[in-house]
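Nothing in this text is a laboratory measurement; each read-out follows from the coordinates by a stated rule. Fair warning: this is a prediction, and the values are worked out from it, not measured in the lab. As a convention, Cβ positions derive from the backbone with ideal geometry for all residues, glycine included, and neighbour counts pool all protein chains shown.
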Amino acid sequence: MAVYEPLREYLKAKAFDRIPMTFGEIEKVIGRKLPASAFRHRPWWANEAQGHSHAKAWLQAGYETEQVDMTAKKLVFRRTRLAGTGMSEDRRMFKTEALPEKKQGRHPLIGSMKGTFTLVPPGENEPPAEDPESWEALSLAKLDRLLFGKGE
């Protein structure tokens, strides 16, 4: 995969959901010519990592190929995930390069409440929550305390 390592690093460093590129731009990134099969055979651009070091490079960077145009010698790399991180650890906002009119990336509220509240276990005088019959008694006791100040 050493030949396509620069492509992996290039894609990994991008914060775009879609990266349109020409075959010539890819050649500039990897520092050498693409093989003839990349120009002749559409399956060369398939998102199949097994046995294909070129596909492994963009898949490991978190991208897949789409809209491969063999005649115009161009394609689009579409982000499928963030390489090496979980979704909640992402600190980057995705920018859209190819389709600015379409909203891209995840919704800003996803993960926004992470770490903002904690579940507190029941007190010593309260029955455990696993006992469904105690739920009614517990809720009635709390209602009595709220409404009438009883049981304090």
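At-a-glance table
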{"quantity": "Members of region 58-80 found to be closer than 11 Å to Leu11 by Cα and part of a loop (DSSP other than H, G, I, E, B), listed by number", "calculated": "Ala61, Gly62"}
{"quantity": "Residue ID - surrounded by the fewest Cβ atoms within 10 Å (Cβ to Cβ), chosen from residues in region 17-73 that are among the small types (Gly, Ala, Ser) and closer than 15 Å to Glu5 by Cα", "calculated": "Gly31"}
{"quantity": "Where a residue in region 1-14 is of a type in the set (Asp, Glu) and its partner, wherever it lies, is surrounded by 21 or more Cβ atoms within 10 Å (Cβ to Cβ), with Cβ under 7 Å and at least six apart", "calculated": "Glu5/Ala57"}
